[in-house]
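Since the structure comes first, as structure tokens, the remarks are kept for the end.
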2 protein chains.
Amino acid sequence: MEKMLATIITIGDELLIGQTVDTNSAWIAQELNKAGIWVHRRVAVGDDRDAIWSALDEESKHAPIILITGGLGPTADDITKPLLCEYFGGKLVVDQKTLEHVYYLFEKVFRRPGPMLERNLKQAEVPDVCTVLFNRVGTAPGMWFEKNGVVFVSMPGVPQEMKGLMTNEVLPRLKTRFTAPAIEHRTVFTIGAGESYIAERLTQFEAQLPSNMKLAYLPSYGMVRLRLTGTSSDPVALKKSIDDQFATLCSKVEDVTVVTEDLTMEEYIARLLRESGKTVATAESCTGGTIAQMLTSIPGSSAFFKGSVISYAVSVKESVLGVPGSLIESEGVVSEAVVTQMLKGVLDQIDADYAIATSGVMGPDGGTEAIPVGAAWIAVGSRERVRTKLVQFRYQRSLNTQLTAINALNQLRLFIKGAPAE
Amino acid sequence: MEKMLATIITIGDELLIGQTVDTNSAWIAQELNKAGIWVHRRVAVGDDRDAIWSALDEESKHAPIILITGGLGPTADDITKPLLCEYFGGKLVVDQKTLEHVYYLFEKVFRRPGPMLERNLKQAEVPDVCTVLFNRVGTAPGMWFEKNGVVFVSMPGVPQEMKGLMTNEVLPRLKTRFTAPAIEHRTVFTIGAGESYIAERLTQFEAQLPSNMKLAYLPSYGMVRLRLTGTSSDPVALKKSIDDQFATLCSKVEDVTVVTEDLTMEEYIARLLRESGKTVATAESCTGGTIAQMLTSIPGSSAFFKGSVISYAVSVKESVLGVPGSLIESEGVVSEAVVTQMLKGVLDQIDADYAIATSGVMGPDGGTEAIPVGAAWIAVGSRERVRTKLVQFRYQRSLNTQLTAINALNQLRLFIKGAPAE
């Protein structure tokens, strides 16, 4: 069975001047993938009539599904909607349901003072040759067009609005309109081995994979996710064969596996803590709240996260965490002894089962010969036992910080799992 | 003078299955923009021979500069490099300098145990028809090709490596190879007025702009940046005319302006604090360390940021911040009284001039009729004076948290500036 292909076209000068990072395309690609639709190309063009027109022409030669985002906001220079109207041979008319919704949003939700603006009312105009897709959270409706067997869907670029339209309107309609092959993904999340070393181990595994399966290496912050994807017209056979292949894959990377699911490190830590009914606190210096922020990004994190002391200044390490000034003096603020005392100090202050403490130099300044930029001491543990580790990265501030935070969470994972210290 | 155009082609299945958000393209576009080069299109294709080949063919018809990222890693299935070799009519040879660098990185920097892998050594092979661009931080070199007057540059997709190559090799060479027009940007950063209301005020301003200038609206998290961009072959005249237009623009949005520069909120707060020699601490409940993380993302933040107490659990509000249990009982944990006490409590614990405190419900669960999801109390102030504000958002957890953090920083800005409370 042939792959069902789609192309994503994003419209907007902000994507071409680099002011906006395109997160919409990745989200759309994931959702299409789950529905068995493969994104063949992604194209970004500016708010420019010729560029949009030729992208519609060109991309519709390659894929039967064209998803378009952006170019529909109230300040988008009115290029995209009239262009779509002309491209599909229609005229602009007011959509009554959308108009009522625009009034509702402005009066009841946004509670904007003053009269409605002409440019906001124009949001309710749509080409009379499209199927209007109702946008619950915003003023710009989605529009579904068909031309020569190709489906074109235009959506606003605001992520919340695009996501609502995709979930409620576009995906259900695509599933009815097209028959996509079954698609299955399996992911194993590893840490501690480089991408090329894993690839070396998996050379033979990859070579024997059937032609409808593919392995992707997805490295980020020292972690590597291995994602096995299979497609088939027979969903039952596919499930069985991908499960078999995935079991083989997992057996080959068992020593570096965190979990055989597509979780983030913080999602996995949250699960470990929830399952054991334990709680954690953090004492962060160099990571500056990054670990707390990662843990509290998980819905319901109050079940396992108690709180933190961000002891960025030395004085806070002394006054709040009770680290002796003499120890900081003798050992240095970035040291195994200080980070161990920070951990003990936060467990004195906050009633949690486990704690994580960090102290390091993230750069660009502040490095010394003994403690260069990118070095950090990590402590994890409980009131009874502490595990420490010195890490050394060589990157920019934000990357050093992220890597230190991920490594600290990994050390907590190993501590909870009872793995021996390195 | 015509715009100098470039196209960015990104290669990799990970971009099409949505596992990776493409941050490279935005960064490249910004850097090209500063150099007077306009990104005309961005195209993403998979690790697929035909797709890459036709993208090279198609895009080189539209722009004289084609920048390619991705497809060069040690696990990238060896598609891109042999394809480039064939496309430009060369053969693969070992580049001695790159080979030595691969050895150096593995032995001295990565300190990988065991023998070098064949797939790592192959990183030193390059087509003999390219100019090799030295990659200081990684094993895959950049490659510069020319064909029919079009420049093609291939770079690895790892952001650190791509950025090093762009800065050290590609941009200097592009500036020598092409003559781009002068380009100037001016940005004013506003908060508190919606995009369409600002647009309404600026209708006449936009209408009178000369044809070589364009205004972009860049909304994010309730802030709107207005970016004026001008191009000209006469850099001196351009500077003068854009400064004049920018002064007019600024005068029209003065009431909602944070600063007439392209800064983030945290960069601006950092400047305010540095200029006045003041320091800040945070007491965060619902924002869970997000504000601390934002402030410590600024290099040198130890000059103005002292630390935080993340009092996620109620018990931490009582034990560490000293909020009376009876007050929490009577007023509720999300209340003006509690957030005010949290602020006073953190200033008792941490010796800072100002503090920020937050308490709210970020969702998806935990909302009540009185305190729905997205509601948060914010307090900012000093030991002498406190300013409070209740905010109410209606989004998902991560967006509610970001918006609360940005609003809290904005309240601190207004407090420092001496603006009256709303």
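The values are calculated or read from the model by the stated rules, or taken from the named source; none is laboratory data. Note that the structure is predicted; figures quoted are calculated from it, not measured. All Cβ positions, glycine included, derive from the backbone under ideal geometry; neighbour counts span all protein chains shown.
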Next on the checklist: So if I check each of B:248, B:264, B:260, which one is within 14 Å of chain A (Cβ to nearest Cβ) and not basic (Lys, Arg)?
Outcome noted: B:264
Checklist entry - If you go through the range A:329-339 one residue at a time, how many are assigned to a helix (DSSP H, G or I) and within 12 Å of chain B (Cβ to nearest Cβ)? => result 0
Checklist entry - For the subset of the range B:291-303 comprising residues that are surrounded by fewer than 24 Cβ atoms within 10 Å (Cβ to Cβ) and more than 7 Å from chain A (Cβ to nearest Cβ), which member is nearest to residue B:266 (Cα to Cα)? => result B:298
Item to check | Flag if residue B:53 is closer than 16 Å to residue A:14 by Cα, hydrophobic (A, V, I, L, M, F, W, C) and surrounded by fewer than 22 Cβ atoms within 10 Å (Cβ to Cβ) | outcome: no
Next on the checklist: If a residue must be part of a loop (DSSP other than H, G, I, E, B) and more than 7 Å from chain B (Cβ to nearest Cβ), how many such residues does the range A:2-19 contain?
Outcome noted: 3
Next on the checklist: For the range B:142-151, check the following and say yes or no: at least one residue is modelled with pLDDT of 95 or more, under 31 Å from the mean Cα position of the chain (by Cα), outside any helix (DSSP H, G or I) and aromatic (Phe, Trp, Tyr).
Outcome noted: yes
Next on the checklist: If I ask for residues that are out of contact with any strand residue (DSSP E or B) (no Cβ under 9 Å at 6 or more places or on another chain) and of a type outside the set (Val, Ile, Thr), which ones from the range B:304-325 would you list?
Outcome noted: B:318, B:319, B:322, B:324, B:325
Item to check | Only listed residue being facing chain A (nearest Cβ under 9 Å), within 21 Å of residue A:290 (Cα to Cα) and modelled with pLDDT of 95 or more, chosen from B:358, B:401 | outcome: B:401
Checklist entry - Within the bounds of the range A:371-386, is there any residue that is surrounded by 18 or more Cβ atoms within 10 Å (Cβ to Cβ) and basic (Lys, Arg)? => result no
Item to check | the range B:288-326, residues that are small (Gly, Ala, Ser) and within 22 Å of residue A:400 (Cα to Cα) | outcome: B:288, B:289, B:292, B:297, B:300, B:301, B:302, B:303, B:307, B:308
Item to check | Residues of the range A:102-119 satisfying the condition of being under 17 Å from residue A:135 (Cα atoms), at pLDDT below 75 and of a type in the set (D, E, K, R) | outcome: A:108
Item to check | residue B:59 being farther than 19 Å from residue B:156 by Cβ and not aromatic (Phe, Trp, Tyr) | outcome: yes
Next on the checklist: Take the conditions farther than 30 Å from residue A:88 by Cβ and without any contact (Cβ under 8 Å) to a residue 24 or more places away in the chain and apply them to residue A:247. Does it pass?
Outcome noted: yes
Next on the checklist: touching a helix residue (DSSP H, G or I) at 6+ places or on another chain (Cβ under 9 Å) and either more than 9 Å from every other protein chain (Cβ to nearest Cβ) or at pLDDT below 95 (or both): which single residue out of A:288, A:325, A:307 fits that description?
Outcome noted: A:325
Checklist entry - If we keep just the residues of the range A:227-264 that are modelled with pLDDT of 95 or more and among the acidic types (Asp, Glu), which is surrounded by the fewest Cβ atoms within 10 Å (Cβ to Cβ)? => result A:255
Checklist entry - Can you pull out the residues in the range B:322-344 that are farther than 11 Å from residue B:358 by Cα and under 34 Å from the mean Cα position of the chain (by Cα)? => result B:344
Checklist entry - If residue A:342 passes every condition in (1) more than 12 Å from chain B (Cβ to nearest Cβ); (2) in a helix (DSSP H, G or I); (3) among the aliphatic types (A, V, I, L, M) but one, which one does it miss? => result (1)
Checklist entry - Given the structure, is residue B:230 over 22 Å from the mean Cα position of the chain (by Cα) and in contact (Cβ under 8 Å) with a residue 24 or more places away in the chain? => result yes
Item to check | Among (1) free of Cβ contacts under 8 Å to residues at least 24 places away in the same chain; (2) part of a loop (DSSP other than H, G, I, E, B) - the single one residue B:286 does not satisfy | outcome: (1)
Item to check | Residue check for residue A:174: of a type outside the set (Phe, Trp, Tyr), over 20 Å from residue A:12 (Cβ atoms) and within 14 Å of chain B (Cβ to nearest Cβ) | outcome: no
Item to check | Tabulated pairs, the range B:23-49, first farther than 18 Å from residue B:213 by Cα, second hydroxyl-bearing (Ser, Thr, Tyr) and surrounded by 21 or more Cβ atoms within 10 Å (Cβ to Cβ), C-beta under 6 angstrom, 6+ apart or interchain | outcome: B:24/B:69; B:41/B:7; B:42/B:25; B:44/B:10
Item to check | Failed condition for residue A:192, given (1) assigned by TED's automatic domain parsing to the domain that holds residue A:39; (2) in contact (Cβ under 8 Å) with a residue 12 or more places away in the chain; (3) touching an Asp or Glu at 6+ places or on another chain (Cβ under 9 Å) | outcome: (1)
Item to check | Check on residue B:381, over 23 Å from residue A:302 (Cβ atoms), in contact (Cβ under 8 Å) with a residue 24 or more places away in the chain and not aliphatic (A, V, I, L, M) | outcome: yes
Checklist entry - Can you tell me how many residues in the range B:60-73 are within 11 Å of chain A (Cβ to nearest Cβ) and crowded, with 23+ Cβ neighbours inside 10 Å? => result 1
Checklist entry - Which residue out of B:339, B:316, B:346, B:320 is under 29 Å from residue A:315 (Cβ atoms), buried (at least 21 other Cβ atoms within 10 Å of the Cβ) and free of Cβ contacts under 8 Å to residues at least 12 places away in the same chain? => result B:316
